[in-house]
Amino acid sequence: MASAAASISRSLRRSLAATSSPSSRRDLLLLLGQGGVGGGRGFVTAECHRPVVLHKRGSDILHDPWFNRGTAFSMTERDRLGLRGLLPPNVVSSQQQIDRFMVDMKRLQKYARDGPSDTYPLAKWRILNRLHDRNETMYYKVLIDNIEEHAPIVYTPTVGLVCQNYSGLFRRPRGMYFSAEDRGEMMSMVYNWPADQVDMIVVTDGSRILGLGDLGVHGIGIAIGKLDLYVAAAGINPQRVLPVMIDIGTNNEKLLKDPLYLGLQENRLEGEEYVAVIDEFMEAVFARWPNVIVQFEDFQSKWAFRLLQRYRKTYRMFNDDVQGTAGVAIAGLLGAVRAQGRPMIDFPKQKIVVAGAGRFRIILLSLTICVAFESARSQFWIVDAHGLITEERTDIDPDARPFARKKSELSHQGLSEGASLIEVVKKVKPDVILGLSAVGDLFSKEVLEALKDSSSSRPAIFAMSNPTKNAECTPEEAFSILGEKIIFASGSPFGDVDLGNGKIGHSNQGNNMYLFPGIGLGTLLSGARVISDGMLQAAAERKKPLTMSRTTCGVQFIQQ
């Protein structure tokens with residue numbers, strides 16, 4: 001550490017010697033803490049192996065969550081930064097502050113509830129958010145050290161509650177808001193953000209937040225939560241991340257009539273007007289930060305796919321709902337083969353019933369880029385709100401058409417167009433049922449009972465919809481009906497199930513949180529200009545089998 005500091009100091013001194021500008025010389029002197037014109041002093045922080053000049057003093061530092069360290073500033077730092085007398089005299093280390101915060105959090109969370117209808121997780125989010133507002137360093141340290149406990153608070157499922165109630169929870173702005181009313185101004189607006197370097201942007205238009213639908217400007221909560229995981233899990237510099245909300249209106253009637261709603265109270269733009277707003281935003285952010293990575297999040301499917309194809313070869317971007325969810329789903333299916341004790345060559349032999357045709361499009365991305373999976377198209381039975389999709393359906397989604405069952409295939413199985421999920425499970429006897437429906441309790445007792453006749457000795461149940469209330473079933477329901485010899489995974493976190501006699505039914509989690517931080521970090525470190533299908537495929541294949549061992553974040557599909 002000392003040698004690194006000495007190296008920085010030598011570099012700065014060489015720069016100082018070569019500098020003729022008085023203002024530049026002053027900044028470097030301030031950076032070295034040697035005093036400058038007027039007796040000013042500065043403070044050096046190590047940031048990505050490069051020093052940062054802090055152009056703030058006194059209370060301005062204490063009110064800036066990026067640089068505030070509370071009572072952890074040493075006496076020397078207090079003198080240099082003009083903090084002496086502004087803090088209690090006792091220097092309390094960062095770890096001591098964290099220990100005190102954790103004690104207070106456990107004591108306060110039951111009192112932080114906003115009335116009896118407020119949940120404990122939402123109360124915990126309030127407490128963490130207050131810490132985030134005043135001291136980012138401590139906030140992320142708490143998050144990293146307690147990731148298993150706090151990831152469900154800053155991310156799914158609690159982030160769903162946050163987004164539903166965001167106008168009422170709003171205290172301090174975080175991130176940037178671009179709206180339909182800002183057309184023609186976005187190129188200048190991006191310079192209002194104080195960071196000269198941004199590595200990661202997560203952007204949403206709020207049109208499909210988790211499985212909760214159109215939440216308008218409230219959707220920025222999901223962008224904030226995703227970036228918290230980028231910092232905590234991938235080590236991205238928190239000063240180089242930017243959550244963004246693009247507000248192009250909302251079709252949510254409740255929000256349109258709510259006098260406290262913070263967004264535009266007008267219906268969503270459509271067609272070319274909508275595309276023009278997103279185009280202007282992309283041009284603006286890449287003009288200021290040409291190396292930034294933009295992650296699209298929770299856009300309606302009709303826009304998610306169109307915008308991905310529009311931008312992916314031009315900009316450094318990806319869509320987590322399309323590419324991330326596809327990678328997680330494929331990783332889970334590959335992991336299920338291993339967990340069932342079968343060789344990977346048996347993957348195309350698996351029979352998979354999918355509930356949720358609209359969301360099935362996301363899996364096709366990974367399937368169709370893998371030549372080995374081309375022969376696996378016949379293994380899927382897709383059931384939507386109207387039942388089993390067959391070639392007799394008149395309005396088949398073009399992406400689902402190759403998977404529509406042929407009439408000749410169904411005759412010997414006793415199935416027909418529109419057959420119910422229960423009928424399909426009974427007749428097909430699948431190895432896997434995959435829920436992408438966003439319909440809670442879709443895997444009813446009858447559906448799970450039908451899975452008892454699965455051709456696999458360890459059928460897999462993937463209830464992937466978020467948040468928790470939208471999960472197709474719970475692990476308790478699955479294990480109570482089918483017993484211990486199943487593989488269970490869900491999008492939202494559930495606890496393990498005590499099966500008695502010392503046996504535990506493990507609840508695996510299959511969520512994009514195990515994929516997108518690695519994709520962003522890998523792109524950043526490699527300097528890749530395009531996030532390719534091959535990168536997503538490689539991430540899906542770098543999974544851990546669905547064995548029942550725990551990690552700090554729970555059992556996971558994917559190894560970063």
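The values are calculated or read from the model by the stated rules, or taken from the named source; none is laboratory data. All of these numbers come straight from a predicted model, not from anything done at the bench. Because the Cβ atoms are built from the backbone with ideal geometry, glycine has one as well, and the counts that use them run over all protein chains shown. Accessible surface is based on the protein model in full, side chains and every heavy atom, while ligands, DNA and RNA are left aside. Shrake-Rupley method; radii C 1.70, N 1.55, O 1.52, S 1.80 Å.
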### Query
Tell me which lysines have Cα within less than 30 Å of Lys452's Cα, excluding those fewer than 8 residues away on the same chain?
Lys349, Lys351, Lys406, Lys407, Lys426, Lys427, Lys429, Lys469, Lys485, Lys503, Lys543, Lys544
### Message
Using a 1.4 angstrom probe on the protein heavy atoms only, could you order Met186, Met102, Met75 from most to least accessible area?
### Response
Met75, Met102, Met186
### Task
Take Glu253, project a point 7 Å from its Cα along the Cβ direction, then tell me which residues of the range 211-227 have their backbone nitrogen under 15 Å from it.
214
### Query
If you take the square roots of the eigenvalues of the alpha-carbon gyration tensor of the range 122-242 and sort them as a ≥ b ≥ c, do you get rounded (a/c under 1.5), prolate (a/b over b/c) or oblate?
oblate
### Cα Rg over Rh - the range 446-510, Kirkwood
0.95
### Task
Please work out how much accessible surface Asp60 shows to a 1.4 Å probe, ignoring ligands, DNA and RNA, in Å² rounded to 10.
90 Å²
### Task
Tell me the label-point distance for the pair Arg529, Asn291, using the 7 Å Cα-to-Cβ offset, in nm and rounded to one decimal.
1.5 nm
### Query
Taking the simple approach of a point 7 Å from Cα along Cα-to-Cβ for both Lys349 and Arg130, what is their distance in nm?
5.9 nm
### Message
So, for the range 130-185, what is the accessible surface per residue at a probe of 1.4 Å, expressed in square angstrom?
### Response
43 Å²
### Query
Say R0 is 60 Å: what FRET efficiency, to the nearest 0.05, do Ser444 and Val53 get from their beta-carbon distance?
0.45
### Message
So, R0 is 25 Å and r is the distance between the beta-carbons of Glu392 and Ser455; what FRET efficiency does that work out to, to 0.05?
### Response
0.45
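In whole percent, how big is the carbon plus sulfur part of the accessible area of the range 102-261, probe 1.4 Å, protein atoms only?
Its accessible area is 52 percent carbon and sulfur atoms.
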### Summary
Output for the range 165-208: trypsin sites (Lys or Arg not before Pro) sitting in coil per DSSP, at most 11 other Cβ within 10 Å, listed by number, reads Arg171
### Query
Under a 1.4 Å probe, what is the accessible area of the range 469-530 per residue, stated in Å²?
38 Å²
#### Entry: Loop-located GluC sites (Glu not before Pro) in the range 258-310, at most 13 other Cβ atoms within 10 Å (DSSP)
Glu270
